[in-house]
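Engineer: Okay, handing you the structure first.
The values are calculated or read from the model by the stated rules, or taken from the named source; none is laboratory data. Predicted, not measured: the structure shown is a model, and the values here were computed from it. Here the Cβ is made from the backbone with ideal geometry for all residues, glycine too, and neighbour counts use every protein chain on show.
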Amino acid sequence: MSKLEISLAISDYDHVRDFVHGRVTAEGLDINFQVLPTPEIFDRATRDQEWDVCEMSWGKWTGMFSQGDASLVPIPVFPSRVFRHSALYVKKGSGVDTLEKLRGKRVGDPDFAHTAGIYARGYLMHDVGIKLEEIEWVQAGTNKPGRHENLELNLPPTVKRVSVPDKTLDDMLLEGEIDAILSAIPPKSFVAGNPDMVRLVPNYVEVETEYFKRTGIFPIMHFVAIKRPLFERHPWMAVNLYRAFEEAKDRSIARIKNMMISHFPLPWNPDNARRATELLGPDWWPYGVEPNRRTLEAFLRFAEEQGVAHRKVTLDEVFPPSVQRILKV
């Protein structure tokens with residue numbers, strides 16, 4: 001029997017690599033994998049829908065879907081998850097040395113709908129108590145000028161947002177034109193070791209650990225999506241893809257836990273795995289809807305509050321019924 005031929009674009013993760021390289025297969029599918037950087041995947045997928053299946057930005061998709069674009073069908077496979085308290089940068093000695101001091105300041109971000117920013121602003125609003133309108137938001141490329149907002153926003157009229165297409169956030173922070181940067185992509189000056197560019201939350205691991213213990217939120221950045229016409233013709237492929245991605249992820253976690261040899265060039269991997277298990281539970285990188293309900297629902301609430309989503313999007317709308325509850329076999 002011939003298999004369904006599809007194309008699939010995803011970034012380079014160890015926890016998808018066994019699937020990409022054929023050590024794990026998806027029943028009934030013959031897949032042309034393309035491994036690319038996520039910004040390129042998101043741009044090409046939203047602009048031209050070049051692949052049948054692709055990794056997708058949670059923030060970008062939510063904004064599009066809330067405005068009536070249902071062309072991509074998500075499945076609850078989450079290749080990228082990152083706590084984002086570490087994504088805030090300030091100039092050393094500026095006086096902005098606590099999160100509370102962001103109130104009344106100018107904060108730059110590459111675009112309002114980037115998922116990391118949505119989670120971080122949700123934290124500032126709900127945990128720090130800073131209202132969205134108490135910050136002036138400045139949009140520009142983090143390290144390269146010319147970046148523009150790529151999604152129509154539904155910001156409250158009280159929220160001030162300006163775009164600076166001819167400058168970078170990195171330069172503006174060092175020159176004192178903004179007070180902080182909120183970006184998943186680190187400023188180049190920070191990466192280069194410039195002592196004037198520092199994290200606003202230097203003890204971010206401690207803060208993020210406390211945040212998870214208190215809220216149960218482990219931020220999800222990306223998911224995997226299928227073109228809607230393809231999914232509607234072959235609805236079975238959603239569960240088959242899910243199972244393959246989960247098997248690849250489970251094999252990656254087993255490599256991390258292996259104490260006999262070093263699968264990754266980083267010391268203490270098994271110890272880090274043990275600490276993750278103690279904090280997050282035995283499946284500390286879960287796929288599926290129910291294990292991630294608290295995180296997913298929090299994100300949808302943040303996206304609506306911040307004007308990225310133009311209406312309330314409910315979790316039942318996001319994932320098709322076939323992948324809402326997948327039988328464990």
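Engineer: Across segment 31-55, what is the total count of residues that are in contact with a Pro (Cβ under 7 Å, 6 or more places away or on another chain) and either under 18 Å from Val308 (Cα atoms) or assigned by TED's automatic domain parsing to the domain that holds Ile118 (or both)?
Structural biologist: So the count comes out to 0.
Engineer: Where in segment 1-71 are there helices (runs of 4 or more DSSP H), lying wholly inside it, with at least 3 residues that are over 22 Å from Pro320 (Cα atoms) and either in contact with an Asp or Glu (Cβ under 8 Å, 6 or more places away or on another chain) or β-branched (Val, Ile, Thr) (or both)?
Structural biologist: Ranges flagged: 14-20, 38-48.
Engineer: Check Leu241 against each of (1) within 25 Å of Leu151 (Cβ to Cβ); (2) surrounded by 17 or more Cβ atoms within 10 Å (Cβ to Cβ) and name the one condition it does not meet.
Structural biologist: Result: Leu241 fails condition (1) only.
Engineer: Working only within segment 157-178, note down all residues that are more than 24 Å from the chain's Cα centre (by Cα) and either among the basic types (Lys, Arg) or part of a loop (DSSP other than H, G, I, E, B) (or both).
Structural biologist: Matches in segment 157-178: Pro157, Thr158, Lys160, Lys167, Glu175, Gly176, Glu177, Ile178.
Engineer: So, one more: Tally up the residues in segment 99-114 that are surrounded by fewer than 24 Cβ atoms within 10 Å (Cβ to Cβ) and either without any contact (Cβ under 8 Å) to a residue 40 or more places away in the chain or in contact with a helix residue (DSSP H, G or I) (Cβ under 6 Å, 6 or more places away or on another chain) (or both), please.
Structural biologist: Qualifying residue count for the region: 5.
Engineer: Going through segment 299-329 one residue at a time, which ones are out of contact with any Leu (no Cβ under 6 Å at 6 or more places or on another chain), surrounded by fewer than 18 Cβ atoms within 10 Å (Cβ to Cβ) and assigned to a helix (DSSP H, G or I)?
Structural biologist: Correct list: Arg301, Glu304, Glu305, Asp316, Glu317, Pro321, Ser322, Gln324.
Engineer: Hey, another quick one. Would you mind stating whether Tyr242 is within 26 Å of Val128 (Cα to Cα) and either outside any helix (DSSP H, G or I) or in contact (Cβ under 8 Å) with a residue 40 or more places away in the chain (or both)?
Structural biologist: no
Engineer: If you don't mind, another one. Among the residues of segment 310-327, are any over 23 Å from Lys227 (Cα atoms), modelled with pLDDT of 95 or more and not basic (Lys, Arg)?
Structural biologist: The answer is no, given that none of the residues of segment 310-327 is over 23 Å from Lys227 (Cα atoms), modelled with pLDDT of 95 or more and not basic (Lys, Arg).
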